[in-house]
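Undergrad: One structure follows; several queries about it will come next.
The values are calculated or read from the model by the stated rules, or taken from the named source; none is laboratory data. Since the model is a prediction, treat every value here as computed from it, not as a measurement. All Cβ positions, glycine included, derive from the backbone under ideal geometry; neighbour counts span all protein chains shown. For the accessible areas, the whole protein counts, side chains as well, though only heavy atoms, and no ligand, DNA or RNA atoms are used. Shrake-Rupley method; radii C 1.70, N 1.55, O 1.52, S 1.80 Å.
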Amino acid sequence: MQAKKKQKKTPLADVIVGRIEGEKIAPTPKWRFLAMNQIFWGLWAASIFIGAAAVAAAIFVMVNAGWEYYEMTHSTFLTFFVEAIPILWILFLLLFVIAAYENARHTKYGYRYSITLILSLSIIGSGIGGGVLYATGLGELFDDTIGDSIPFHRPIVEHQKKLWYEPAEGRLAGEVEEFNPEFTTFTLTTFE
């Protein structure tokens, strides 16, 4: 039998120190973790605010869709309903709720919260914020401002103008310039 050569084992601490020195590993300062935590919380709050803006615009669009006149503008309620739903604003809300969830999960204690809790708080926060923004009149501003910037979205005011100005369908839209009550006539200047 051959005698086994005993190899001298290097202590684990020496191996670790050698690797740290060899790879030039430096500790990350605590302030970076604190700053990242604050950034993610800020992004979560920003996502909820943008979600609230989307909710405010969606409320504005739904309120001003002309529900009471759908029989005059559409053949069925379903076609009106599909056209009246603010799909863009709903997609914005979903996108920013997901962004809020991702940002909250990356905070210091974000892993502790369930997906249901974070998404619920984000949706509730966006809903309440959207209601407040709509009540202050900002829903129209968001729809007009963003609606003018996005090529495939038309603000509700422009949509209503197009919808009501269909002379072939018997609908005229514009501004009444003169009204003669004696003859029950009026002069209408159309949007075009």
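Undergrad: Hey, does region 45-62 have a residue that's outside any helix (DSSP H, G or I) and either hydroxyl-bearing (Ser, Thr, Tyr) or in contact (Cβ under 8 Å) with a residue 60 or more places away in the chain (or both)? Full working, then the answer.
TA: Keep residues of region 45-62 that are outside any helix (DSSP H, G or I), which gives none.
No - not one qualifying residue is present in region 45-62.
Undergrad: Still on this structure, please answer the following. Select, from Gly139, Gly110, Gly129, the only residue that is modelled with pLDDT under 80 and small (Gly, Ala, Ser).
TA: Gly110
Undergrad: If I ask for residues that are open to solvent by less than 60 Å² (accessible area, probe 1.4 Å) and either within 18 Å of Val63 (Cα to Cα) or of a type outside the set (A, V, I, L, M, F, W, C) (or both), which ones from region 167-185 would you list? Talk me through it step by step, then tell me what you get.
TA: Going residue by residue through region 167-185, those that are open to solvent by less than 60 Å² (accessible area, probe 1.4 Å) are 171, 173-174, 180.
Passing the criteria: Arg171, Gly174, Asn180.
Undergrad: Out of region 24-33, which residues are open to solvent by less than 90 Å² (accessible area, probe 1.4 Å) and either modelled with pLDDT of 85 or more or touching a Lys or Arg at 6+ places or on another chain (Cβ under 6 Å) (or both)?
TA: Quick first cut of region 24-33, residues open to solvent by less than 90 Å² (accessible area, probe 1.4 Å) only: 26, 28-29.
Passing the criteria: only Pro29.
Undergrad: Now for a separate question. If you scan region 95-120, which residues turn out to be without any contact (Cβ under 8 Å) to a residue 60 or more places away in the chain and in contact with a helix residue (DSSP H, G or I) (Cβ under 8 Å, 6 or more places away or on another chain)?
TA: Phe96, Val97, Ala99, Ala100, Tyr101, Arg105, Tyr111, Tyr113, Ile115, Ile118, Leu119
Undergrad: Here's a follow-up. From Leu91, Leu78, which residue is surrounded by fewer than 14 Cβ atoms within 10 Å (Cβ to Cβ) and under 15 Å from the mean Cα position of the chain (by Cα)?
TA: Answer to the check: Leu91.
Undergrad: Give region 95-115 a look and list any residue that's open to solvent by 60 Å² or more (accessible area, probe 1.4 Å) and either touching a strand residue (DSSP E or B) at 6+ places or on another chain (Cβ under 8 Å) or within 14 Å of Ala46 (Cα to Cα) (or both), or say none.
TA: If the condition is that a residue be open to solvent by 60 Å² or more (accessible area, probe 1.4 Å) and either touching a strand residue (DSSP E or B) at 6+ places or on another chain (Cβ under 8 Å) or within 14 Å of Ala46 (Cα to Cα) (or both), then Leu95, Ile98, Glu102 are the ones that fit.
Undergrad: Which fully enclosed helices (runs of 4 or more DSSP H) of region 65-172 have 1 or more residues being closer than 30 Å to Ala35 by Cβ? Don't jump to the end; show me each part of the working.
TA: Values: elements: 70-73, 77-84, 87-105, 115-135, 138-149, 156-164.
Ranges flagged: 87-105, 115-135.
Undergrad: So, one more: Within the set of pairs 6 or more residues apart or between chains, which connect a residue that is closer than 11 Å to Val61 by Cα and without any contact (Cβ under 8 Å) to a residue 40 or more places away in the chain inside region 136-147 to a residue that is aliphatic (A, V, I, L, M) and buried (at least 16 other Cβ atoms within 10 Å of the Cβ) with Cβ atoms less than 7 Å apart?
TA: none
Undergrad: Could you go through region 143-151 and let me know if any residue there is open to solvent by 70 Å² or more (accessible area, probe 1.4 Å) and among the hydrophobic types (A, V, I, L, M, F, W, C).
TA: No, the conditions are met nowhere in region 143-151.
Undergrad: All but one of (1) open to solvent by 40 Å² or more (accessible area, probe 1.4 Å); (2) modelled with pLDDT under 85; (3) within 25 Å of the chain's Cα centre (by Cα) hold for Met62; state the number of the condition that does not hold.
TA: (2)
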